[in-house]
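To start, the structure under review is shown below, and the notes come after it.
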Amino acid sequence: MKKTAQIVTIATLAISMAACSTFRGPRAINPNDDSQFENLPPAPAVEAIPATPEAEPNPGLIAEAAPEAPETGSANLASPIEGSVIEPQAIATDTSANSTNTASALNDLLKVRVFYFGTNLSDITALSYGGLNAHAQYLKGNTAAKLQLGGHTDERGTREYNLALGERRANAVARYLVGLGVSADQLSVVSYGKEKPSADGSDEESWAKNRRVELDYTAQ
Amino acid sequence: MLTRPFGLLKFCLLACGISAASLANAALTIEITQRLNEATPIAVVPFGGVQSADNTGAIIAADLDRSGSFNVVERSKLPSLPSSSAEILPSVWQSVPADYIVVGSVSRLPDGRLSYRYELLKRGGLERVLGETFTVDSGRARDAAHYIADKIYKQATGEPGIFATKILYVNQYNRDGRKRYRLELSDIDGARQVTLLDSVEPILSPTWSPSARQIAYVSFESRKPAIFVQNLSTRQRTKLTDFSGLNGAPSWSPDGKRMAMTLSRDGNPELYVMDLTTNALTRLTNNPAIDTEPRWTSDGKSLVFTSDRSGGPQIYRLNIATGDTKRLTFTGKFNARADISPNDRHLAMVHQAGGNNYTIALQDLSNGIFSTLTDTPLDESPSFSPNSKMVVYATRKGNKGVLGIMSLDGRFKLRLPAVDGEVREPVWSPYLR
């Protein structure tokens, strides 16, 4: 086996590059001497905030039907709505004042939590209107509710540019909701760019699923 | 609770001074994928005397081989194994097909330090063109070998070598079914890798301070992006920015006193410069487009950056004092995340070469000539070597992220695959002084 993986102390980083051909030996630990790399403390480990595990998907969370191919959007809004259990609190609060039929339709639309975008675009597509309108109605009727909009991109392009593009998508959704009368105070935006794909492949289908904004209620 | 047994073990081994080659699960290994015919042939004789895990001569040979400028004569073709010029029989060695011969030896001093002696001989008269002795601490055998390789490279090519430099990169791996992220530091040959940060949330955009004593990066550990600065000797981290919205793309000014970055705290991704003494922010761009990925020119007066103000992302140059902004790239619809060579001559960037191919391209800023260096589909994050002669970048092999190193003409290429998980966003250190 090649020995390229040898772990030894980094020792001092700096090799004397000066004309003097003698290496400076190990120096006494001096807090201001950053070239002294011996006896490093272990790397800090950052763990997740325990209250918000990302591994288990929210059972009440349903994506707007992911388009099979980039711009076609074969999503049928009716189909993903059927048969899933609604998050109880969100719905109970919201439906109390409405007729059963309207409430049911609204509840179904509220389960749509993922909205998709075209390549390098941040325009909200017509397929997203129904779901976003329902969320707007819910937020207006529940002013204590807080919604986080998470912007995402596909893997093509550079990381920082994609962070900006993901934010542009999340902001487009925020502007749309505010345009419908939602208070901006109820909304927050975070972009993960291409860092958190929902599909891992390198193909059109995966990319289409990854160009998205996810809605996450941080307070009902 | 998640424990870090590996990290602790590593620390223990380190303290005990034991080599732990087999345990470096995230380390890089190197494959040369494309070589040059006209490289200078050189014979590096294994060093005599005290040797640690790797023979000093073998480390030097590997360094020179990977530079693209040398072809190292196979050991089996060496007629003998001299440790000094005095042991060389000219009649035998004159037939060796090498322009240069390197010989040397190591001895241990009573205080434990290592004493090195080496000579570089030129074919023909076998005259010594370089010869030195020096002493290092016992833990610095690899540093000593890289130092000798740098000296040989400088003597033979006239250019400074980069064998004693470091590389910073992000390693994504899986543990317990979850993606995790590590910020890693290693020698440029992949050896002596250490973990600087281990997180369940993404780490990106690592960058070096000009002194190479500190690094900065973006971490999502608080579930939103923040820029951190970390001291490499103490490992101490400080959060530099935590504004609403994007906190990204940190880049140190050449004098080390300012940090360029992308913030969207005023509503849109814009470039800012932070004075690192006062933390005062100056906004540099004001444009509804995305402005991001700043890099300083060596005089500290300008930034090159990515903007989609013309429709798609292209590279621009901003004069910080005057605000004058000039578009630099016009080839293709997508050019982003440029790095500027330390000699200010070249721009390396991610270029959409047509279809879904994102490759590394180079633009010569002296004449505008644009060339595509790679033909792999999802290349990223080019970063120049401090001598401006090589670029390290992230690429794919199969479905896995690996690192590549190539010469600026794209004719010499190396690949550094990760043993565990995938690696990306490599950043080449400045010279270490």
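The values are calculated or read from the model by the stated rules, or taken from the named source; none is laboratory data. Just so you know, these numbers come straight off a predicted model, no measurement behind them. Positions of Cβ are backbone-derived with ideal geometry, glycine not excepted, and every protein chain shown enters the neighbour counts.
Scanning the stretch B:115-135 for residues that are within 11 Å of another protein chain (Cβ to nearest Cβ) and either more than 16 Å from B:SER83 (Cα to Cα) or surrounded by fewer than 18 Cβ atoms within 10 Å (Cβ to Cβ) (or both) turns up B:SER115, B:LEU130, B:GLY131, B:GLU132, B:THR133, B:THR135. Applying a threshold of 7 Å to beta carbon distances and a minimum spacing of six or more residues, or different chains, the list of pairs starting in the stretch B:77-90 at a residue that is among the acidic types (Asp, Glu) and ending at one that is surrounded by 13 or more Cβ atoms within 10 Å (Cβ to Cβ) and in a loop (DSSP other than H, G, I, E, B) is empty.
Taken over the stretch B:190-220, the criterion of being over 23 Å from B:LYS179 (Cα atoms), of a type in the set (A, V, I, L, M, F, W, C) and not in a loop (DSSP other than H, G, I, E, B) is satisfied by B:TRP208, B:ILE215. Answer yes or no as to whether B:SER341 is within 22 Å of B:ALA260 (Cα to Cα), of a type in the set (Ser, Thr, Tyr) and without any contact (Cβ under 8 Å) to a residue 24 or more places away in the chain. So B:SER341 fails the test.
B:THR359 meets the stated requirement of being closer than 20 Å to A:GLU155 by Cα, out of contact with any Phe, Trp or Tyr (no Cβ under 9 Å at 6 or more places or on another chain) and among the hydroxyl-bearing types (Ser, Thr, Tyr).
Whenever a residue of the stretch B:309-325 is within 12 Å of chain A (Cβ to nearest Cβ), its partners that are assigned to a loop (DSSP other than H, G, I, E, B) and aromatic (Phe, Trp, Tyr), lying with C-beta atoms within less than 6 angstrom and at least six residues away or across chains, give the pairs B:GLY312/B:PHE334; B:PRO313/B:PHE334.
Here is the figure for the stretch A:179-209: residues that are more than 12 Å from chain B (Cβ to nearest Cβ) and surrounded by fewer than 17 Cβ atoms within 10 Å (Cβ to Cβ) total 8. When the test is whether a residue is modelled with pLDDT of 95 or more, closer than 30 Å to B:GLN352 by Cα and buried (at least 23 other Cβ atoms within 10 Å of the Cβ), A:ALA164 passes it.
Kindly indicate whether B:SER298 is over 30 Å from B:ASN356 (Cβ atoms), touching a residue at least 24 places away in the same chain (Cβ under 8 Å), touching an Asp or Glu at 6+ places or on another chain (Cβ under 9 Å) and among the small types (Gly, Ala, Ser). Here the answer is yes, as B:SER298 does meet what is asked. Taking the condition among the acidic types (Asp, Glu) and more than 9 Å from chain A (Cβ to nearest Cβ), does B:GLU159 pass? Against the criterion (among the acidic types (Asp, Glu) and more than 9 Å from chain A (Cβ to nearest Cβ)), B:GLU159 qualifies. Applying the set (1) free of Cβ contacts under 8 Å to residues at least 60 places away in the same chain; (2) surrounded by fewer than 22 Cβ atoms within 10 Å (Cβ to Cβ); (3) not in a loop (DSSP other than H, G, I, E, B) to B:ASP409 leaves exactly one unmet item: (3).
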